[in-house]
Amino acid sequence: MDWSRAKTILILSFFLLNLVLGYQLWTTRSDLLEFDPSTASATEEIQRLMKSKNIQITAEMPKEVPRMKEIVVQYDEKLTMENPVPLETPFKYSPLLSKGSSRDAAARAAIPNMDKYLYDPVLSTNGTYVFHELYGAYPMFEVKLELTEQNGMVVAYRQEYANVKQEGEQKEQKVISPYTVLSSLIENYFPSGTVVSSIMLGYHNGQTFNSQTMFLVPYWRVVGNGDIYYVHALNGAVDPPQKNKK
């Protein structure tokens, strides 16, 4: 037997085996790092609370928990109006239209900065489409655009538009998770049998300096049985619920 050759084969075999075991260990560790035990426990806790009070959640649970801070905004007087403005050329519109379609293009041509707003199905009614101006990826709930529809045609719009003057002095903070928000609402606010139809993160009016300037704070907006709950996304404080006029 050629012992030199056999020794070389054994060394190579052990080397390959170590590579395989090392790869398996690395992939296992990566899976553990990606697994978030707090989310799993939070989900179990939500399920327990929901069952105890017969709560249903039909809304999609947000997955991102970003870092945010307060902002100060000022209304643009040229693009903010109290009364609806009639359109010279009415057009058909649907929030389900894909961007770039001819009807979508007509809306964006008629309404200034239309692409900077996000449609809000919660506040929209038959005859009125409601949108909120975006700051980054998140809506400013107090800054609205409303399209008025008659006989299937958008005939007028009323717009509010704001510019961000500055960001708050505080540093960005990670917002509390939607699981924490729902746990608090279920335990302390929601009556038995509540159906949660919307959960959205955005900016809500924390303070009005004057008629044109607002201090906006990150808030979770949760809709339960049609009532709107605003929950401070940095400290968890809950505003009194508002009745949805819809």
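The values are calculated or read from the model by the stated rules, or taken from the named source; none is laboratory data. Computed from a predicted structure; not experimentally measured. Cβ sites come from the backbone with ideal geometry, for glycine too, and all protein chains shown count toward neighbours. Areas reflect the complete protein model, heavy atoms only, side chains present, ligands, DNA and RNA absent. Shrake-Rupley method; radii C 1.70, N 1.55, O 1.52, S 1.80 Å.
Of all residues in the range 231-246, which are within 21 Å of A137 (Cβ to Cβ), open to solvent by 10 Å² or more (accessible area, probe 1.4 Å) and in contact (Cβ under 8 Å) with a residue 60 or more places away in the chain? Step through it out loud before you land on a result.
Narrowing the range 231-246 to residues within 21 Å of A137 (Cβ to Cβ): 231-234.
Remaining after also requiring open to solvent by 10 Å² or more (accessible area, probe 1.4 Å): 232, 234.
Across the range 231-246, the qualifying residue is only L234.
In the range 35-57, which residue that is modelled with pLDDT of 95 or more and in a loop (DSSP other than H, G, I, E, B) is farthest from E142 (Cα to Cα)? Only one residue fits best here, namely N54.
Among the conditions (1) at positive phi; (2) within 21 Å of the chain's Cα centre (by Cα), G127 misses just one, which is (2). Answer yes if at least one residue in the range 162-169 is small (G, A, S), open to solvent by 30 Å² or more (accessible area, probe 1.4 Å) and closer than 27 Å to D76 by Cα, and no otherwise. No, because not a single residue in the range 162-169 is small (G, A, S), open to solvent by 30 Å² or more (accessible area, probe 1.4 Å) and closer than 27 Å to D76 by Cα. Among strands (runs of 3 or more DSSP E) entirely within the range 105-186, having at least 3 residues that are free of Cβ contacts under 8 Å to residues at least 60 places away in the same chain singles out 117-119, 128-135, 138-150. Within the range 187-215, the set of residues being in a loop (DSSP other than H, G, I, E, B), loosely packed, with under 14 Cβ neighbours inside 10 Å and in contact with a strand residue (DSSP E or B) (Cβ under 6 Å, 6 or more places away or on another chain) comprises Q212 only. When the range 58-98 is limited to residues that are among the β-branched types (V, I, T) and either under 20 Å from the mean Cα position of the chain (by Cα) or under 19 Å from V175 (Cβ atoms) (or both), the one that is most open to solvent (accessible area, probe 1.4 Å) turns out to be T58. Here the range 206-246 is the region considered, the condition is being within 15 Å of V164 (Cα to Cα) and at pLDDT 90 or above, and the residue that is nearest to the chain's Cα centre (by Cα) is P218.
Could you tell me which residue of the range 124-154 is farthest from N244 (Cα to Cα), considering only residues that are open to solvent by less than 40 Å² (accessible area, probe 1.4 Å) and of a type in the set (A, V, I, L, M, F, W, C)? Ranking the candidates gives V154 first.
Among the residues of the range 188-201, at least one is under 30 Å from K78 (Cβ atoms) and among the hydrophobic types (A, V, I, L, M, F, W, C). Take the conditions (1) over 21 Å from H204 (Cβ atoms); (2) open to solvent by 30 Å² or more (accessible area, probe 1.4 Å); (3) modelled with pLDDT of 85 or more; R103 misses just one of them, which is (3). Looking at V181 and the list (1) crowded, with 16+ Cβ neighbours inside 10 Å; (2) closer than 20 Å to Y117 by Cβ; (3) among the hydrophobic types (A, V, I, L, M, F, W, C), which single condition is not satisfied? Result: V181 passes all but (2).
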